[in-house]
Amino acid sequence: MSKKANLKIDFCGVHFENPFLLSSSPVGNHAEMCARAFDAGWGGIVYKTLNLEKTFKVVMPSPRLNALNYGDKRFIGLQNAEQITDRSINDNITDIAALKKKYPHKVLVSSLMGFNDEDWRTLARMSEDAGADMLELNFSCPQMARKDAGHRVGQDSDIVSYITSVVKKASRLPVMAKMTPNITDMVPIAVAAKKGGADAISAINTIKAITDIDINALTPLPNIHGNSSATGFSGPAAKPIALRFVSDLYNAKNLNLPVSAIGGIEKWTDALHFILMGGRTVQVTTAVMRYGYRIVEDLIEGLSDFMLDRDITSIESLIGRAAQKLTDPSEFNTRYQVVSVINQDKCIGCGQCYISCQDGANQAIKFDSGLRKASVDEERCVGCTLCKHVCPVWDCVSTREVDTRDQRHAAVF
């Protein structure tokens, strides 16, 4: 049996065997699904958002999914019009209780959405009585079929603070507030949740988006009986935006709450990126919808191998390490610049770097049409590295650092 690193982490006083959770979504919709996820190795599950059907009866639209494809790349993102659970509260609470009885050492987070104070109180108490370990408050669903719920609530600091305080008074469990990315600055809303008593923040929920248009029907997708809407977008294409929000939360000096990170996690390196940006745990949905629960094996093995290779003894030492190196552009060190270096042995003569530099950069690439080789005019090169990013040969283009004080060249890196 191969050696494994210590992936244990504590979050709001709750012990996780590893930092990997299913996020609140169709992948954790009932006990049978959650049991299979726990058996596969997930450290925790955020159960699909509960509500009291006597207050609002959820009816799902159909079809409600559309994948974003680009060229020959399939499923780089997923748009959904999914709402919170359409199962009865009694069935869901029964499932939560059964799961905690069968898996007492696994973490189960109950996600809640109420439509008045008593809804929130009742859902919190029922979840606690069923054995849930934590509560997550859904302030962020972007496609709720009500205008007084989801991301609309999550854009109002006063409402977020008030609802959080209502739930905190109703339950002894740790409370996470789930943030909407459909806002310019997430930090003030997170701070409002903290003011209301939140113990942690989870981010991000899906981004309102339109992924495609049926040009025959002249209708955005998914086409729901002739209409569509800007609804939640997730998956790998959403990851850069999610990383930004998670790092904002981690670096906010007036927040200082642990973050459960969400947004486009598919591989172990994605999970590591979010941990380095400040996530204490990470939540996944879209990758599970495409590849299944067993992706957790790659997450566990990849992160474990990374830590063992570097003699890293705990996840704790990785949290926020990259986020700490983010700075305002006004503080960049501009004394050092780079110039591009093209490896002539690896250049395949496609000319892509030449075209891109000519029409999109600084005209610093020269192309010998006879030899079919590209080279760099260092006097014109400004170090933007566009050539490196468009080159189809992974390691053909490198960079060399230049000290702008004396133009002495450092080693290639």
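Here, each number is a calculation from the coordinates, and none is a lab measurement. In this text the structure is predicted, and so the values were computed from the model without any measurement. Counting neighbours? That spans all protein chains shown, and the Cβs are built from the backbone with ideal geometry, glycine included.
Applying the Karplus relation 6.51 cos²θ - 1.76 cosθ + 1.60 with θ = phi - 60° to segment 84-95 yields 3J(HN,Hα) values of 6, 4, 10, 8, 5, 4, 5, 5, 5, 5, 4, 5 Hz, where x marks Gly and Pro.
Tell me, what is the percent relative contact order of segment 330-412, built from C-alpha pairs under 8 Å that lie six or more residues apart? Don't jump to the answer; show the numbers that get you there.
Values: 149 pairs, mean separation 31.6, N = 83.
So the answer I get is 38 percent.
Note on segment 330-412: Cα-Cα pairs beyond 17 Å make up 45% of the total pair count. Cysteines of the chain lacking any other cysteine Cβ under 4.7 Å from their own Cβ: Cys12, Cys34, Cys141, Cys347, Cys350, Cys357, Cys381, Cys384, Cys391, Cys396. Kirkwood hydrodynamic radius of segment 1-111, from the reciprocal of the average inverse Cα-Cα distance over all distinct pairs: 15.9 Å. On the beta carbon distance between Thr313 and Asp129, with R0 = 35 Å, the FRET formula returns roughly 0.40. Contact order for segment 218-356, expressed relative to its length and based on alpha carbon pairs under 8 Å spaced 6+ residues apart, stands at 20 percent. The aspartates and glutamates whose alpha-carbon is closer than 15 Å to the alpha-carbon of Lys57, local same-chain residues fewer than 8 away aside, are Glu82, Asp86, Asp91, Asp119, Asp148. Each residue of segment 171-213 gets 76 Å³ once the volume of the Cα convex hull is shared out per residue. With a Förster radius of 41 Å applied to the C-beta separation of Met60 and Asp10, the computed FRET efficiency comes to 0.65.
When only alpha carbons are used to place a centre, segment 236-289 and segment 136-179 end up 20 Å from one another.
Taking the C-alpha atoms only, the angle from helix 295-309 to the longest principal axis of the chain is near 60 degrees. In whole Å, how far is the Cα centre of segment 298-353 from that of segment 20-49? Taking the Cα centre of each part, segment 298-353 and segment 20-49 sit 32 Å apart. Most tightly packed first, judged by the mean number of other beta-carbon atoms within 10 Å of their residues, the peptides 362-370, 334-342, 37-45 read 37-45, 334-342, 362-370.
For segment 90-217, the number of Lys pairs with C-alpha atoms closer than 18 Å, counting only pairs eight or more positions apart or on separate chains, is 10. Each label point was placed 7 Å from the Cα along the Cα-to-Cβ direction; for Ala98 and Asn343 their separation is 5.7 nm.
For segment 9-325, the C-alpha radius of gyration divided by 2.2 N^0.38 Å, with N the number of residues, is 0.94.
With a Cα cut-off of under 21 Å and a minimum spacing of 8 residues unless on different chains, the lysine pairs in segment 299-413 number 5. Normalised by the number of residues in the chain, the mean separation of alpha-carbon contacts (under 8 Å, six or more apart) gives a relative contact order of 14 percent.
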